[in-house]
Structures are given as structure tokens and as C-alpha cells.
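Undergrad: Before I ask anything, let me first share the structure, which is written out below as C-alpha cells.
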Amino acid sequence: MNSIATAPPLVSLTADLGTSASKFFYRLTSGQTTPLWMGAEVADGLTTAVLPNLNTGGRPQDSAWLQLEQQVVLIGEVAKMFLDANSLTANKAEKAAYKLAAALGIIAENEKLPSSYDAVIWVPLPLTEIRTREEIATRLRTIAEQGFVFRGQSQQVKLSLKFFPEGFGLYLNRKKQLDTIGLAIEQRRTLIAMMGHRNLSILCFEGGSLKTALSNSDGPGFWSAFEKAARSVGVTPADYPALLAALTTGQTQQISQVRAGLYDFAPMAEAVRQTYWQAVSIYLQDNLLKQLAERSVDIIVSGGAASVLRQTIHQYFEQLGLGQQVYFADQMQERLAEVVSQLPEANFNPTLPLRMADGYGLFQGLMGKSSQIAV
């Protein structure tokens, strides 16, 4: 009897490797869209002596570890307990490769894949890190070809890897929207503001491609403004989580660790908001206003920190006569909130749709393979 060879499973994955968290979407079976959220921490250079102390139960993304020959690498939440004591040597490219390998291992465990499978991965990178794409690809391919162990399970992966500038998923989504109403995005200027915890990026797409000369990633991050404002109003690090929750949820009554009880953080939250907006508004004035003279322009606002200034940003562009041309990324994709709500993290982090919108747009592009846009 002749045996019929079956094709190995194919994982389609987009991976947004942010500095505060790694965000993924994947598909294994037709119609599937599964989100993953994993901490951004990486602790490398460890030995197998740490393995008996690791939790092998629960979600794999909460206790993710790789074994590469004799080296053990911890990724995400589990890495935190080793970061203070461990002297880290991994550069950004190495860390990115470890995170991507861990994501594949998580999917393989969750989906009960065989040890050998194929994977197509699309990765958006910040402008400042686009130059590292070849190094990331080389490192990940080496890991995949040599084989690695994820939480005790051997993995052998045949890879197809492609990189894009951050914001490209949002651009693809906007292109799809305009196509449905008969407008060509190539005839418009699309400005994407990515408001992250570490920095603010402004990306300019025009004529179907990213204009790097009109784009930059050196804008003020939310976290520096948060810490500056918090110190100025007497909030100590012990209460940073409560103040952050007050800002992101709008519920200013939070439990204060310092005061050992419920406390209204409204004045402190407003101080953070004003400090952050002051830095953002100066940056927009210097880097965005000159690009708004073209009337056929769309402004897309994304990133976790955007929620803190949502109303202020709307007012800012309304005063410029552009209120109808500014869009928040979490309101542009119909199923995004529904898909992201699968994550337990969504219950206490309402900014997840904003933070995952770029990756979701890129995932839709991967699924449609419709991109003909130069990178």
C-alpha cells in the first residue's frame, strides 16, 4: 500500500516586537485569527540549572523558555526574575530572534503541532531598527535550521520571513478601506503617528511607499512624561500602577499602595496628561504641521499612549480643520476589538486594541497577500 505524504502544518504569523510587550496574530486553519500577548523581557546566557525552577503548567507565554544546545533563554514574564542578577549580552537582533522562536513554540504547544512544521512570518520594525532585519533573519534561520527546544519540546521549523516598517499594517488597512469606496491611496498622503511608551514616531506614506526623509522616530515617549509628572506631584513608584490604571481606564479611584486604601488620582492623572501633551504638541508642531498643507491627507493615530490624549488630539486636529481626516487605529478595523478580547490581558488593559492595531492590519495583509506596495 502506498503511503501518501502529507504537507507539514503551516503557521502564518505576524509579530510586533514592541519594547513594552510582544504582540502576535496567527492562523493555522482556515478562518482562524488567534492573538498572543507576551512580555518583552529576555534573559539569555543561562544554563540548564535553572530549568527545575520553571513552571511547566499554565499558559506557555507566561513561562516561555528556549534551550539552544547548552544555553537557556527565558522570554516574557518568566525572564523578569533573572534580569536584575543576569548580565545580559543579547543585542536587539538576538532578542528579536528569541522572541520569534518563542512565539512559534507557544503556537506549537497550544495547537499540538508535530515537531516539524512550516512558518510564514511578517515582522514590522521601527525605523531605527529596519537596518537590523538581515541580522534578525540570519539569527532566526540559524535557530530554526539547527532546531531548538521550547519548554522541553523539540522544534524544527522551515521559515519564510519578511520585514516591514512599523505602521505598514495600518497603511494596508487604510488602503483596503479606500479601495472599497473607489479611492486610490497612492493619490493621498497618509501620516501615521505611533504613540508608544518609549518614543513617538511619525511615518509618511505617499505614492505607495514609505517616505523615510519625511518620517522619524525620535519623538517623546509616554513613559518619560509619566515619570516626570508623577515625581512633580509626589507619586512614588509604588503607586505608578494605580496612576497608570487611572489614566488608561478613566477610573480615577484606584487602590493606593502608599495610602493603603482607595484614593482619587484625578489631579495626578491630569498632570501626567498635560505634561505628555506639552511634549507631544511641540513635536507635532515641528514635525507634522509642515506635512498637512496637502489637503488630501489622512492622519492615523495609534500606539498604547494615544488613548491618554484621545480627546485632546481630536480637538487639536479639529482646530486645524482636519477633524474629519484623523482616525484612531482601534476604530478603523471592525473585528479588532472582538479578536483582541480573546486575550485575558484585555480585561485589565483597555489600550490593547490600539497597541495591536498595526500587527492586526499586517496580519490581514498576510492573509490576503494583497500588498503590492514598495518597502
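Undergrad: What residue, among those in segment 289-300 that are in contact with a Lys or Arg (Cβ under 8 Å, 6 or more places away or on another chain) and in a strand (DSSP E or B), is surrounded by the most Cβ atoms within 10 Å (Cβ to Cβ)?
TA: ILE300
Undergrad: Please determine, by comparing only the residues of segment 72-85 that are surrounded by fewer than 16 Cβ atoms within 10 Å (Cβ to Cβ) and not in a helix (DSSP H, G or I), which one is modelled with the lowest pLDDT.
TA: Among those residues, the one meeting the criterion is ALA85.
Undergrad: Taking LEU159 as the residue in question, decide whether it is more than 30 Å from PRO52 (Cβ to Cβ), touching a residue at least 40 places away in the same chain (Cβ under 8 Å) and assigned to a strand (DSSP E or B).
TA: Yes; evaluated as a whole, the condition is true for this residue.
Undergrad: So LEU284 fits all but one of (1) assigned to a strand (DSSP E or B); (2) open to solvent by less than 40 Å² (accessible area, probe 1.4 Å); what number is the exception?
TA: In the conditions (1) assigned to a strand (DSSP E or B); (2) open to solvent by less than 40 Å² (accessible area, probe 1.4 Å), LEU284 misses (1) alone.
Undergrad: Further question: Regarding ALA49, is this residue surrounded by 16 or more Cβ atoms within 10 Å (Cβ to Cβ) and at negative phi?
TA: no
Conditions tested, residue by residue: (1) β-branched (Val, Ile, Thr); (2) under 20 Å from ILE75 (Cα atoms); (3) touching a residue at least 40 places away in the same chain (Cβ under 8 Å).
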| position | (1), (2), (3) |
| --- | --- |
| LYS95 | no, yes, yes |
| LEU100 | no, yes, yes |
| ASN110 | no, yes, yes |
| SER115 | no, no, yes |
| VAL120 | yes, no, yes |
| LEU127 | no, no, yes |
| ILE130 | yes, no, no |
| ILE136 | yes, yes, yes |
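Undergrad: Could you identify the single residue in THR19, THR34 that is within 22 Å of LYS162 (Cα to Cα), crowded, with 17+ Cβ neighbours inside 10 Å and of a type in the set (S, T, N, Q)?
TA: Going through THR19, THR34 in turn, just one is within 22 Å of LYS162 (Cα to Cα), crowded, with 17+ Cβ neighbours inside 10 Å and of a type in the set (S, T, N, Q): THR34.
Undergrad: In segment 305-347, what residues are free of Cβ contacts under 8 Å to residues at least 12 places away in the same chain, touching a helix residue (DSSP H, G or I) at 6+ places or on another chain (Cβ under 9 Å) and not in a helix (DSSP H, G or I)?
TA: Within segment 305-347, just SER341 meets the criteria.
Undergrad: Being open to solvent by 60 Å² or more (accessible area, probe 1.4 Å), of a type in the set (Ser, Thr, Tyr) and assigned to a loop (DSSP other than H, G, I, E, B) is the filter here, so list the residues in segment 203-236 that pass it.
TA: THR236
Undergrad: Based on what the data block shows, is GLY39 in contact with a Gly (Cβ under 6 Å, 6 or more places away or on another chain) and surrounded by fewer than 23 Cβ atoms within 10 Å (Cβ to Cβ)?
TA: yes
Undergrad: Let me ask something else. ALA93 passes all but one of (1) within 23 Å of the chain's Cα centre (by Cα); (2) part of a strand (DSSP E or B); (3) at pLDDT below 90; which number fails?
TA: (2)
Undergrad: If you don't mind, another one. In segment 33-61, which residues are farther than 16 Å from ALA102 by Cβ and assigned to a helix (DSSP H, G or I)?
TA: Answer for segment 33-61, where residues must be farther than 16 Å from ALA102 by Cβ and assigned to a helix (DSSP H, G or I): THR48, ALA49, PRO52, ASN53.
Undergrad: Based on this model, can you work out whether VAL326 counts as open to solvent by less than 60 Å² (accessible area, probe 1.4 Å), closer than 24 Å to GLN177 by Cα and either β-branched (Val, Ile, Thr) or modelled with pLDDT of 95 or more (or both)?
TA: Yes: the conditions hold for VAL326.
Undergrad: Pick from TYR263, TYR240: which is in a strand (DSSP E or B), aromatic (Phe, Trp, Tyr) and more than 30 Å from GLY31 (Cβ to Cβ)?
TA: TYR263
The values are calculated or read from the model by the stated rules, or taken from the named source; none is laboratory data. As the structure is a prediction and not an experimental result, all values here were calculated from the model. Heads up, the Cβs are rebuilt from the backbone with ideal geometry, glycines too, and the neighbour counts pull from every protein chain shown. These area figures cover heavy atoms from the full protein model, side chains too; ligands, DNA and RNA do not enter into them. Shrake-Rupley method; radii C 1.70, N 1.55, O 1.52, S 1.80 Å.
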